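Q: For reference, the structure I am asking about is given below.
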Amino acid sequence: MRLLDFLVADDIRRELGNKISVMGVFNDTINLNLPANAAGPILFRLGLFVRVLIDETDEIPDRFRLIILHNDANIAEFGGTISSKERAKLITLPFVANPLPLPGLGVLNFQLELFKGDVNLFLTTSPFPIEVT
């Protein structure tokens, strides 16, 4: 398995024709422009778009877990099942956390795990951290 895409954005929407729209893609920094006296948590909308390529020799995962880390502390988790009527070549996981309660400014990292039963088949982290300023 290989991580193909990991996008952090303002929003992600499903469209007709089995399409996904990703809006407001961030680079390595999210500038919140908060007032100097703003107190946490900061309620923030965050979209994550992840695609993983499944090689022919790979086992097909049946569930996933995505963890959002703020300054290395777990602040949110998504999890669920993966099902397909035929052998998947690509797993596409669009997520929207709305609101995501950020404890404050800092660094966001992400961790994705794919499982078959209780066996962890794939573990990856975001290719780079996102600094929230």
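Q: Could you identify the single residue in 60, 68, 82, 91 that is modelled with pLDDT of 95 or more and under 27 Å from residue 115 (Cα atoms)?
A: It is 68.
Q: Give segment 5-29 a look and list any residue that's at pLDDT below 95 and among the aliphatic types (A, V, I, L, M), or say none.
A: Listed by number, the list holds a single entry, 16.
Q: Which ones in segment 63-104 are β-branched (Val, Ile, Thr) and outside any strand (DSSP E or B)?
A: Within segment 63-104, 82 is the sole residue that qualifies.
Q: I need the full set of residues from segment 53-62 which are over 16 Å from the mean Cα position of the chain (by Cα) and either of a type in the set (Ser, Thr, Tyr) or not in a loop (DSSP other than H, G, I, E, B) (or both), in order please.
A: 57
Q: From the set of residues in segment 13-52 that are β-branched (Val, Ile, Thr) and within 24 Å of residue 121 (Cβ to Cβ), which is farthest from the chain's Cα centre (by Cα)?
A: 20
Q: Can you find a residue in segment 31-45 that is at pLDDT 95 or above and hydrophobic (A, V, I, L, M, F, W, C)?
A: Scanning segment 31-45, I find no residue that is at pLDDT 95 or above and hydrophobic (A, V, I, L, M, F, W, C), so the answer is no.
Q: Related question: Does residue 54 satisfy being crowded, with 16+ Cβ neighbours inside 10 Å and touching a Lys or Arg at 6+ places or on another chain (Cβ under 7 Å)?
A: In short, yes.
Q: For residues that are more than 19 Å from residue 39 (Cβ to Cβ), of a type in the set (A, V, I, L, M, F, W, C) and loosely packed, with under 12 Cβ neighbours inside 10 Å, scanning just segment 67-121, find the one that is farthest from the chain's Cα centre (by Cα).
A: Within segment 67-121, the match that is farthest from the chain's Cα centre (by Cα) is 119.
Q: Kindly list, by first and then second residue, each pair from a residue in segment 11-37 that is in contact (Cβ under 8 Å) with a residue 24 or more places away in the chain and part of a strand (DSSP E or B) to a residue that is aromatic (Phe, Trp, Tyr) and surrounded by 10 or more Cβ atoms within 10 Å (Cβ to Cβ), limited to pairs with Cβ atoms under 6 Å and residues at least 6 apart or on different chains.
A: 12/49; 22/49
Q: Follow-up. Within segment 105-133, how many residues are assigned to a loop (DSSP other than H, G, I, E, B) and either on the phi > 0 side of the Ramachandran plot or in contact with a strand residue (DSSP E or B) (Cβ under 7 Å, 6 or more places away or on another chain) (or both)?
A: Residues that pass the stated criteria total 6.
The values are calculated or read from the model by the stated rules, or taken from the named source; none is laboratory data. Bear in mind the structure is a predicted one, so any value in this text is a computation, not a measurement. Virtual Cβ from ideal backbone geometry, glycine too; neighbours counted across all protein chains shown.
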